[in-house]
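The values are calculated or read from the model by the stated rules, or taken from the named source; none is laboratory data. No experiment lies behind these values; they were computed from the predicted model shown. For neighbour counting, all protein chains shown are included, and Cβ atoms are generated from backbone atoms with ideal geometry for every residue, glycine included. Keep in mind that these areas ignore ligands, DNA and RNA; they rest on the heavy atoms of the full protein, side chains included. Shrake-Rupley method; radii C 1.70, N 1.55, O 1.52, S 1.80 Å.
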Amino acid sequence: LYPNSRIVDSKVGRYTQIQSSVILNSEIGEETTVGPFAYIRPGSIIGNRVRIGDFVEIKNSCIGDETKISHLTYVGDGIVGRDVNLGCGVIFVNYDGEKKSTTIVEDHAFVGCNTNLIAPVKVGYNAFVAAGSTVTEDVPEGALAIGRSRQINKEGWVEKRKKERR
């Protein structure tokens, strides 16, 4: 346990490292690394040999063994399987303004950077989600999901806008 961490009513497994992080009413497995600056909120269960990196927030979620959530990610009301990779900036969008829903990411899945998973949704076993996607439908086992719009470049747009404002 490194300095600047706060651990309240939680279990921490053997050989686990916690660096400058907050863990509240949760369980952390063995040989897991947490932080720096991670926030593990109540009701979270983190498996063994997991990487919870910097500025990751986990709330009321289960994270399977050997999963990597390296940085800048929010996992709320999620079930994440074994050997999953959640890229930088992945967000579990779990609240629709009235109720919270669950996102499931099955074993061996890969979710690319800057992805929104809009609950309720499931990413299947060994599936991939392309970076920059917004996922609103289940991703089948072994599939690649691409949920982003095509880029459109509007040549001369900035200059036209400047002229309109004069």
Point to revise | Dipole moment magnitude, nearest 20 debye, segment 1-75 about Cα centre, only Lys, Arg, Asp, Glu C-beta charged | key: 100
**Study point:** Pair E137, E31: separation of 7 Å Cα→Cβ label points (nm)
**Key:** 4.0
Check your understanding: To the nearest Å, what is the center-to-center distance of segment 116-166 and segment 40-107, using C-alpha atoms only?
Key -> 21
Practice item. Find the accessible area per residue for the chain; the probe is 1.4 Å, ligands and nucleic acids are left out, and the unit is Å². Key: 58
Check your understanding: chymotrypsin sites (Phe, Trp or Tyr not before Pro), restricted to segment 67-130: which are DSSP loop and have at most 12 other Cβ atoms within 10 Å?
Key -> none
Check your understanding: Got the relative contact order for segment 14-62 handy, in percent, Cα pairs under 8 Å and 6 or more residues apart?
Key -> 35
Exercise for review: Figure the gain on full extension for K99 and R165 (residue separation times 0.36 nm, minus the Cα-Cα span) and round it to one decimal in nm.
Suggested key: 19.5 nm
Revision key, fill the gap. Summing -39500 (n - 2.57) over every DSSP H run of at least 4 in the chain, dividing by its residue total and rounding to the nearest 500, the 222 nm mean residue ellipticity is -1500 deg cm²/dmol
Check your understanding: Can you list the trypsin sites (Lys or Arg not before Pro) in segment 1-41 that are in a DSSP coil and have 14 or fewer other beta carbons within 10 angstrom?
Key -> R14
Check your understanding: How many percent of the alpha carbon pairs in the chain exceed a separation of 26 Å?
Key -> 33
Revision key, fill the gap. Taking protein heavy atoms only, a 1.4 Å probe, and rounding to whole percent, the accessible area of segment 5-134 owed to carbon and sulfur comes out at 51
Practice item. Grab the beta carbon distance between I152 and R14, set R0 = 45 Å, and tell me the FRET efficiency rounded to 0.05. Key: 0.25
Review point. How high is the relative contact order of segment 1-134, in percent, with contacts defined as C-alpha pairs under 8 Å that are six or more residues apart?
Key: 14
